[in-house]
Structure formats: structure tokens, C-alpha cells
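Below: one structure, written as C-alpha cells.
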Amino acid sequence: MMDQFHLAQINIARMMFAPEASEMKGFYGALDKVNALADRADGFVWRLQGDGGDATDFRFDGVGAEDLLINMSVWQSVESLRAYIYQTVHANIMARREKWFAHMDKPNLALWWVKAGHIPTLAEAQNALRLLEINGPTAAAFTFDCIFDDQGQRLTLPPIQKLCA
């Protein structure tokens, strides 16, 4: 049944510096490489991108959203997304995220299932984050720490061998 559904993901990060600040050069300098890697990754379906080829121009509506960076993508499976995040150069970028992004007290990552072929909207992504904040992980919105399959059943996946930073 997994081929009838794809995994959508949203993650947000609150920048500690203006995008043009020298402190953000390391992040922005790696962005094209990391996005190109995602585009070629096994199980990749789609990612949010604007005219510049990334999602840095997108914002949620609302107060305090102007310094949030949004990353949204769709994958064939939890396993394919996990492999990309933890077993590629992406892991090295994540290891340095505290240099660029502030800690967030609310969920900054949400996963949810969409019908294959559906492209999620920013409103759907914002709703997934809200559901996670209100209800904790459920089949409607979950995290890598508490994964559900496309039928709403809790999944237990083996630990992933992470790339060394």
C-alpha cells in the first residue's frame, strides 16, 4: 500500500542572523549542493522551491514568520527520507545548524502521509506542525521519534547508521 501514499515533510528554522549576514554564508553556501543531492536521492518525489531553486523566499503567514526558513518535500517512504537526512552530506549541515538557527520551543519538523501525486500546500504543512504541537505525534502528524505508516499504525524502524560529521 505504500506506493499509494507518499511522505510529506515540513521543517522550519528560525534564523539568528539576516540572510545576507556573513554568519549565514556557510548555510547558504551549502544550500545548492544539499538541494541537488535531495533531487537525486532515492525516493525523492518533490520539494518546495521558488525561482532561485530553493525555498528561502517562502514564508508562513503570521506574526514572527519573517525570520523562519521553510523546507518542505515529499518522499516515497520514511526510509528514503531518513537515508537522505542522516546518511548524506545533509547530516553534516544539520550538525552545524546551531551556528545559524535558534532553538525553537515548538515543533519544527512534522511528517504526514499524502496521496501519491498530491503536492502539499504551505497551509497543510502549517497545520501538520500545529497538530503536532497540540496533540503530539499521531497518524495525522508525527516525527522520526514516533513514526506511523500510511495506514495509521505505529512503526518501529531499526536505528539508522548516521554519517559521521
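Since every read-out is calculated from the coordinates, none of them should be taken as a lab result. What you see is a predicted model; the values in this text were computed from it and never measured. Cβ: placed from backbone, ideal geometry, glycine included. Neighbour counts: every protein chain shown.
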With at most 15 other Cβ atoms within 10 Å, longest stretch of the chain clear of loop GluC sites (Glu not before Pro) (DSSP): 67-165
Cross-link partners of Lys106 among aspartates and glutamates (Cα-Cα below 14 Å; sequence separation of 8 or more within a chain): Glu133
Contour minus Cα-Cα distance for Ala139 and Gln4 (0.36 nm per residue): 47.0 nm
Of Gln126, Gln153, Gln87, the one that fluctuates the most in a GNM where the chain has Cα springs shorter than 10 Å: Gln153
Sparse-neighbourhood loop sites, chymotrypsin sites (Phe, Trp or Tyr not before Pro) in the stretch 15-44 - DSSP loop, at most 16 other Cβ within 10 angstrom: Phe17
Neighbour-count order for Met94, Met104, Met72, fewest beta carbons within 10 angstrom listed first: Met104, Met94, Met72
Highest-fluctuation residue, Asp150, Asp54, Asp105 considered, GNM on the chain with Cα pairs under 10 Å: Asp105
For q = 0.14 Å⁻¹, Debye-computed log10 I/I(0) when each Cα of the chain counts as one equal scatterer: -0.73
Sites Ala116 and Ala65, calculated FRET efficiency, Cβ-Cβ separation with R0 30 Å, nearest 0.05: 0.50
Residue with peak Gaussian network fluctuation, the chain [Cα springs, cutoff 10 Å], from Asn127, Asn108, Asn135: Asn135
Contact order normalised by residue count of the chain, Cα under 8 Å, 6+ apart, percent: 31
Contour minus Cα-Cα distance for Ala123 and Asp149 (0.36 nm per residue): 7.1 nm
Potential extension, Asp39-Glu98 segment - 0.36 nm per residue separation minus Cα distance: 18.8 nm
Inter-label distance, nm, simple model (7 Å from Cα along the C-beta direction), Lys25/Val89: 1.8
